[in-house]
1. Search segment 319-335 for residues being at pLDDT below 95 and charged (D, E, K, R), and hand back the single one that is farthest from the ligand (Cβ to nearest atom).
2. Considering only segment 336-347, how many residues are closer than 21 Å to Glu385 by Cβ and away from the ligand (no atom under 11 Å from the Cβ)?
3. Return only the number of the condition from (1) surrounded by 13 or more Cβ atoms within 10 Å (Cβ to Cβ); (2) within 13 Å of the ligand (Cβ to nearest atom); (3) within 17 Å of Thr196 (Cβ to Cβ) that Val283 does not satisfy.
4. Ala358 versus (1) more than 16 Å from the ligand (Cβ to nearest atom); (2) in a helix (DSSP H, G or I); (3) hydrophobic (A, V, I, L, M, F, W, C): which is the lone unmet condition?
5. If I ask for residues that are crowded, with 19+ Cβ neighbours inside 10 Å and under 22 Å from the mean Cα position of the chain (by Cα), which ones from segment 363-380 would you list?
6. Name the strands (runs of 3 or more DSSP E) wholly within segment 190-276 that hold at least 1 residues that are modelled with pLDDT of 95 or more and within 12 Å of the ligand (Cβ to nearest atom)?
7. Out of segment 276-298, which residues are touching a Pro at 6+ places or on another chain (Cβ under 9 Å) and within 21 Å of Lys335 (Cβ to Cβ)?
8. Tally the residues that are away from the ligand (no atom under 16 Å from the Cβ) and within 17 Å of Asp201 (Cβ to Cβ), restricting the search to segment 295-318.
Amino acid sequence: MKGKHIVVGVTGGIAAYKAVEVVSRLKKAGASVHVIMTEAASRFVTPLTFQEISGNPVVDSMWSEVKQWQIEHIALANLADLFVIVPATANIIGKIANGIADDMLSTTVMATRAPIVLTPAMNSAMYLNPVVQKNLEKLRGLGYCIMDPDSGVLACGVDGPGRLPEPAAILQFLQTFFQQNTLFSGKRFLVTAAGTREPIDPVRYIGNRSSGKMGYAIASVAAEQGAEVILISGPTGLSCPPGVTRHMVETAAEMREAVLAEYPNVDVVVKAAAVADYRPRIVHSQKIKKSGENMELVLEKTPDILWELGQLKKQQILVGFAAETQELLSNANEKMVRKNLDMIVANDVTLPGAGFNADTNIVKILLPGGSCEELPQLPKNKVAEIILNKIHALLTKSI
Ligand code: CTP
């Protein structure tokens, strides 16, 4: 938290008083704290309190004159390394989830690129209301981080979920979140995912069973951890993870072109795509009509994109995947050497829970020095976290 700019949004709930201690603890942790209050919040705690504790002017209106420094909403939005809303009422949650920006806090939230943490606090029935839950779900899906409220007797006398966690717990949560979120800040990742499709004619293609889930999980977790992520994806029904820039491609040739264009400017490449090794030599412009008993299709090799990246490698950390059905370790090792990789993730796609379209994977992570880490069956996003931790260690040269 030291030296970081944290913007704390305070909304109008009875728990607003706890935000004072959160601001105080953030200051003590070395952060520079700027508070934005909604009008309702200033009925619970005065702006002066936050000004004294944060040591910075408090913004509570879009229209008030700013005296000390340039702080229109864009300035604070750009300044923030982290944005946290304590407490977050049903009202601000609803506004953010639905794109409403009608006061200083909601407009600044809308304008920031910083990671945003919300700490919902309200009456249990309000919190459990499907409308609020749907809004929270929507925000989670968009990459907002939600700290679950505590359960207990609330100010209104009701016993249930909705109580703002204690300031010490909020700080702990923010510290962990911040560390995870900044692991790869300033780093550019290029991730490829899903299988390519090689056309035979306007109707048919040669494809494979890759769903793209592993590559998408890597792109998603890397972005959560602060990386700028470019995802080059073959056809898939998966949606683009929050904060990721995606280019859709279809063939190996299109993937090669998109990858080579980005390659010089990235720090890490993770090639999780299942690229076709062969494509039809002739692509028919009209649908091939049914004729004889047999039909022959002549195939030619596609470019091996990863091999090419290995030849051109400069600063980049190059990570490949090897989906095998036999001789897993020797095949994967051979690919790592031949393609000049810094790491290869090998999986036996015949194992249940490791194959295509599964939500889990069972992988072995191999490094050129001969090390091999065998992971148990894990959800793909957990596998992504472990792979990314290893990449971080390679970037910081700690392995
Ligand atoms: N790869 C690639 N371009 C290709 C084929 C593969 O970039 N034309 C990449 C994949 O994205 C993966 C790695 O190379 O990261 C290994 O892919 P795989 O299909 O397992 O290996 P191949 O070299 O194609 O060897 P084989 O199919 O014989 O196992």
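The values are calculated or read from the model by the stated rules, or taken from the named source; none is laboratory data. Computed from a predicted structure; not experimentally measured. Here the Cβ positions follow ideal geometry from the backbone for every residue, glycine too, while neighbour counts run over all protein chains shown.
1. In this case the residue turns out to be Glu327.
2. 1
3. Failed condition: (2).
4. (2)
5. Step one: list which residues in segment 363-380 are crowded, with 19+ Cβ neighbours inside 10 Å, which gives 363, 365-366, 380.
If the condition is that a residue be crowded, with 19+ Cβ neighbours inside 10 Å and under 22 Å from the mean Cα position of the chain (by Cα), then Val363, Ile365, Lys380 are the ones that fit.
6. Values: elements: 228-233, 244-248, 268-271.
Output list reads 228-233, 268-271.
7. Of everything in segment 276-298, just one residue is touching a Pro at 6+ places or on another chain (Cβ under 9 Å) and within 21 Å of Lys335 (Cβ to Cβ), namely Arg279.
8. Number satisfying all stated conditions: 4.
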